[in-house]
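Trainee: Below: one structure in structure tokens.
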Amino acid sequence: MEDCIFCKIIRKEIPSSIVYEDEEIIAFKDVNPVAPIHILVIPKRHIESVVEIKEEDELLVGKIYTVINKIAKQENIDKNGFRVIVNCGKDGGQEVKHLHFHLIGGKKLGTKICE
Ligand code: 5GP
Ligand code: ZN
């Protein structure tokens with residue numbers, strides 16, 4: 001059993017505001033939002049980061065994007081747009097070592113994609 005904060009959220013050992021869930025993927029509101037909509041979309045399988053994605057994860061990772069699409073419609077940001085960010089490793093600023101996709105929107109975002 002993984003001693004990982006997001007695995008604990010998946011197991012419902014830590015409460016979170018879940019906006020989507022199926023057998024493979026869960027999405028919940030970020031506890032420290034940077035925009036009106038800030039949702040984390042994660043695979044239930046513990047994959048540490050982008051560099052740990054394996055060929056057998058290809059379908060799962062692809063499905064994350066169809067889930068993002070569904071959530072964007074559910075949250076009503078599909079028309080105005082949004083940003084998907086995946087931080088990886090130390091230089092990428094990844095704090096939680098469980099692959100996660102930030103879905104950010106609900107306002108006009110800055111034009112800089114990195115600093
Ligand atoms: P990273 O910097 O790893 O790309 O993003 C981790 C994100 O997870 C941060 O935006 C942070 O606010 C969020 N986060 C960390 N711990 C928790 C938690 O316990 N619950 C929720 N909902 N979000 C968390
Ligand atoms: Zn995990």
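Trainee: In debye to the nearest 20, how big a dipole does the chain give about its Cα centre with +1 on each Lys and Arg Cβ and -1 on each Asp and Glu Cβ?
Mentor: Details: 17 positive and 19 negative charges, 129 e Å.
Roughly 620 debye for the chain.
Trainee: Related question: May I ask you to compute the full-extension gain from residue 22 to residue 111, defined as 0.36 nm times their residue separation minus their alpha-carbon distance, rounded to one decimal in nm? Mind dumping the intermediate values first?
Mentor: Numbers: separation 89, 0.36 × 89 = 32.04 nm, distance 3.33 nm.
My answer for the length gained is 28.7 nm.
Trainee: Shifting gears a bit: Express in Å², to the nearest 10, the accessible area of residue 111 obtained by rolling a 1.4 Å probe over the protein heavy atoms while all chains stay in place.
Mentor: 130
Trainee: Just read off the accessible area of residue 82 with the full protein assembly in place, 1.4 Å probe, to the nearest 10 Å².
Mentor: 80
Trainee: Accessible area per residue for the chain in Å², computed with a 1.4 Å probe and the full protein assembly in place, what is it? Don't skip to the answer; put the middle values down first.
Mentor: Numbers: 7400 Å² over 115 residues.
So the chain comes to 64 Å² accessible per residue, rounded to a whole number.
Trainee: Taking all protein chains in place and a 1.4 Å probe, what share, in percent, of the accessible surface of the chain do carbon and sulfur account for? Don't skip to the end; give the middle numbers.
Mentor: Details: 3820 of 7400 Å².
Answer for the chain is 52 percent, counting heavy atoms of protein chains only.
Trainee: I've got another one for you. Compute the acute angle (0 to 90°) between the alpha-carbon long axis of helix 58-74 and the principal axis of greatest extent of the alpha-carbon atoms of the chain; round to the nearest 10°.
Mentor: So the inclination is approximately 40 degrees.
Trainee: Also, quick follow-up: Students sometimes get this wrong: rank 48, 75 by accessible area, probe 1.4 Å, all chains present, largest first.
Mentor: Correct descending sequence by accessible area is 48, 75.
Trainee: Quick one: order 64, 10 from most to least accessible surface, probe 1.4 Å. Present the calculation step by step, with values, prior to reporting the outcome.
Mentor: Details: 64 0, 10 30 Å².
Heavy-atom accessible area, descending, gives 10, 64.
Trainee: Around residue 96, under 14 Å between beta carbons, what's the net of Lys plus Arg minus Asp minus Glu among the other residues? Write out the running numbers ahead of the final one.
Mentor: Working: positive: 8, 90, 97; negative: 2, 3, 30, 48, 52, 95.
Net of charged neighbours comes to -3.
Trainee: Find how much the distance from residue 12 to residue 85 grows on full extension, using 0.36 nm per residue of separation minus their present alpha carbon separation; answer in nm with one decimal.
Mentor: Stretched fully, the residue 12-residue 85 segment lengthens by 23.8 nm.
Trainee: Further question on the same structure: In percent, what relative contact order does the chain have, based on Cα pairs under 8 Å that are 6 or more apart in sequence?
Mentor: Working: 152 pairs, mean separation 33.9, N = 115.
Relative contact order, the chain: 30 percent.
Trainee: A follow-up question, please. For region 5-105, max minus min Cα coordinate along each principal axis, in Å, sorted largest first?
Mentor: Rounded to whole Å, the extents work out to 33, 31, 29 Å.
The values are calculated or read from the model by the stated rules, or taken from the named source; none is laboratory data. Just so you know, these numbers come straight off a predicted model, no measurement behind them. Ideal geometry is used to build each Cβ from the backbone, glycine not excepted, and the neighbour counts take in all protein chains shown. Please note that ligands, DNA and RNA were not included when accessible areas were found on the heavy atoms of the full protein model with its side chains. Shrake-Rupley method; radii C 1.70, N 1.55, O 1.52, S 1.80 Å.
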